[in-house]
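Before I ask anything, let me first share the structure, which is written out below as structure tokens.
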Amino acid sequence: MLFDRSGKAKRRRELKNELKELQRAFTAAGCGKAEAAGRCKELGETIELGETLCDGYRDARGHLSGARDAIPKLLDCMGESPVDEVEKSLQSLMAHLEQVYHDCSVREDDTDFASTVHSLKKLAGQYAGSVAQAKTEAGRVFPGIMLRSELENVKAVLDDAAGWTAPDFLALAYFFLHEDRTSLKEMENEQRNSYVSGYWEEHFVRDFAAMEQRADRAGALRTLSEKYLSQKDVP
């Protein structure tokens, strides 16, 4: 963790220096000093927030993948594996499910999913007792049937979310810095991605590109974003 923090601090110092140099180039080319300073400052803030959002998304998608892998194994072993092993697997699954949330994946304000996870957690906690009770009651239905149903419901939501494409995190960060993020709440994944990308292009990229051209620094935005915010390994 210390290495991660020091590494990020170093990268941010480097970014700050590169933005200062770019700002000087814009000013030397005749761009307004206040505009050059404002746009470079804005870009730095956007890249830093974009990195944070990207890291959070990557972590959330990792837990989503872990949960998707765990559920079929649980469905296969319930009723056959020892109770303590099933309980450990359920605890591991719940740990993943607590961290699958992100604004661009499974959202924390998805009440239906939250309710299903709450029910799943409750049933998981009762698993050992229901198995023991079933052994003493002849003809009782297999105790995990409701648990199985909730596992399948959760898996369906995760499978759907797994097919969504990641947003442009610079565009998303810029939108979050300037607008109310709750306005994206009701949008479908691709609609949201397209909307924030359009907003980013209209309110920042076009004007910044004009400044790049004027200073003979075409591609500076792309170079900085690729250097400090790589999305190559984002699932």
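K41 versus S194, label points 7 Å from Cα toward the beta carbon: distance in nm?
3.6 nm
Would you please give the FRET efficiency between D159 and K33, computed as 1/(1 + (r/R0)^6) with r the Cβ-Cβ distance and R0 = 41 Å, to the nearest 0.05?
0.20
Between T111 and D59, what is the FRET efficiency for a Förster distance of 22 Å, r being their Cβ-Cβ separation, to the nearest 0.05? Write out the running numbers ahead of the final one.
Values: r = 23 Å, r/R0 = 1.03.
The computed FRET efficiency comes out at 0.45.
Now, a different point. Lysines within cross-link reach of K16: Cα-Cα under 21 Å, excluding same-chain residues under 8 positions apart?
Output for K16: K8, K33, K41, K227.
Follow-up question, since we're still on this one. In whole percent, what relative contact order does the stretch 148-235 give with Cα contacts below 8 Å and a gap of six or more residues?
With pairs under 8 Å counted, the relative contact order is 28 percent.
With +1 on the Cβ of every Lys and Arg and -1 on the Cβ of every Asp and Glu, and nothing else charged, how large is the dipole of the stretch 53-99 about its Cα centre, in debye rounded to the nearest 20? Intermediate results must be reported in sequence, preceding the final value.
Working: 5 positive and 9 negative charges, 50 e Å.
Value, rounded to 20: 240 debye.
Binning at 10 Å from 0, report for the stretch 1-113 what percent of all alpha-carbon pair distances ends up in each bin.
Binned Cα distances yield the sequence 12, 25, 21, 18, 12, 7, 3, 0.
Which length gain, in nm to one decimal place, applies between H203 and D76 when the Cα-Cα distance is subtracted from 0.36 nm times their residue separation?
40.6 nm
Testing the spin-label approximation: label points 7 Å from Cα along Cα→Cβ at V83 and E226. State their distance in nm.
Between V83 and E226, the simple spin-label model gives 5.9 nm.
Right, next: Using only alpha carbons, build the gyration tensor for the stretch 153-235 and give me the equivalent ellipsoid semi-axes, biggest first, whole Å.
Working: eigenvalues 176, 51, 15 Å².
Sorted largest first and rounded, they come to 30, 16, 9 Å.
In debye to the nearest 20, how big a dipole does the stretch 1-61 give about its Cα centre with +1 on each Lys and Arg Cβ and -1 on each Asp and Glu Cβ?
Dipole about the Cα centre, nearest 20: 200 debye.
For the stretch 1-120, what's the relative contact order in percent, using C-alpha pairs closer than 8 Å and at least 6 residues apart?
22 percent
Follow-up. Over every pair of different alpha-carbon atoms in the stretch 162-210, take the mean of 1/r and invert it; report that Kirkwood radius in Å. Please list the in-between numbers first.
Values: mean 1/r = 0.0894 Å⁻¹.
With all distinct Cα pairs of the stretch 162-210 included, I get 11.2 Å.
Which entry in [x] -1.08, -1.16; [y] -1.21, -1.31; [z] -1.32, -1.44 matches log10 I(q)/I(0) by the Debye sum over Cα atoms at q = 0.16, 0.17 Å⁻¹ derived from the coordinates of this structure?
[x]
Give the residue from T52, G163, N153 lying farthest towards the positive end of the charge dipole for the chain; charges sit on Cβ (+1 for Lys and Arg, -1 for Asp and Glu) and the dipole is referred to the Cα centre.
After comparing all options, I get T52.
If you roll a 1.4 Å probe over the chain with all protein chains in place, what percent of the accessible area is carbon or sulfur?
After summing per-atom areas, the C and S share lands at 49 percent.
The values are calculated or read from the model by the stated rules, or taken from the named source; none is laboratory data. This is a predicted model, so every value here is computed, not measured. Note that each Cβ is placed from the backbone with ideal geometry, even for glycine, and that neighbours are counted across all protein chains shown. Side chains included, ligands, DNA and RNA excluded: accessible areas come from the protein's heavy atoms. Shrake-Rupley method; radii C 1.70, N 1.55, O 1.52, S 1.80 Å.
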